[in-house]
Amino acid sequence: MEMALHRAFIFLGPPGAGKGTQSMRFAERRAVPHLSTGDMLRDAVSRGTELGRLAKPIMERGDLVPDEVVVKMIEERLDGSDCAAGVVFDGFPRTLPQAVQLGRVLEEKGFGKPVVVDLEVGPEVLMRRLTGRRTCSVCGEIYNVYDAPPRVPDVCDRDGGKLVQRADDRPEVVQERLAAYEHQTRPLTEYYRRLGVLLTVDASSGVEEVRRALDDTLERAEGRDGRL
Ligand SMILES: [Zn+2]
């Protein structure tokens, strides 16, 4: 079935769901830009654009850049000729007001309703993925003590570097991150479900399997009338 052009895909999922990896690979397969608002902001700051100069002091203080600024940035980005065939959003929207604003912008820019992919993973699997993660202090290689352990505990296979746990991945911090997601972002799935644009994908298995499940789900949805 022919894929409708000019479509926006939004990826939702808790920390540890593999949202970054899956959305990036999906954008590659569809040959459309992958829009991570975090990356876009850092890029705007480093290039010293008007928005970048506005966002810089806010980011340096460790504060969240206001929604209006981020939405403005997205609006400008969507005018890029490379967005004509569609775009993939990663990490935005995170809140209901952001979703409403993004919906308005997409409508204005002729994208119509987005297609929203919700990567679902149970809390036990997320805890394992996040609290099990260890990073080599020398080369940055990532391991998981449960799913992808090094040959020798706490030692990098490649260079013998010591493996460390990021502060973000300590169990108590992971609990907080997951709770914040439930509180702030979970209402989005309900919002998009009611709009009839939510596709749920089981993301509890490995990267390759999730990729297949994602493609199958989209194919089935697009197959009905090519419009979802
Ligand atoms: Zn290493």
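The values are calculated or read from the model by the stated rules, or taken from the named source; none is laboratory data. What you see is a predicted model, and the numbers here were worked out from it, not measured in a lab. Cβ placement follows ideal geometry from the backbone for every residue including glycine, while neighbour counts extend to all protein chains displayed. Note: areas computed on protein heavy atoms with side chains; ligands, DNA, RNA excluded. Shrake-Rupley method; radii C 1.70, N 1.55, O 1.52, S 1.80 Å.
Considering only residues in region 1-54 that are assigned to a helix (DSSP H, G or I) and β-branched (Val, Ile, Thr), the one that is least open to solvent (accessible area, probe 1.4 Å) turns out to be Thr37. Only a single criterion out of (1) touching a residue at least 40 places away in the same chain (Cβ under 8 Å); (2) of a type outside the set (Phe, Trp, Tyr); (3) in a helix (DSSP H, G or I); (4) farther than 27 Å from Arg104 by Cα is not satisfied by Pro187, namely (4). Considering the conditions (1) away from the ligand (no atom under 15 Å from the Cβ); (2) among the small types (Gly, Ala, Ser); (3) over 24 Å from Ser23 (Cα atoms); (4) surrounded by 16 or more Cβ atoms within 10 Å (Cβ to Cβ), Ala167 is excluded by exactly one of them, (4). Scanning region 23-38 for residues that are modelled with pLDDT of 95 or more and within 8 Å of the chain's Cα centre (by Cα) yields a single hit, Ser23. Where strands (runs of 3 or more DSSP E) fall wholly inside region 91-164, the ranges with 2 or more residues that are away from the ligand (no atom under 11 Å from the Cβ) and within 18 Å of the chain's Cα centre (by Cα) are 115-120.
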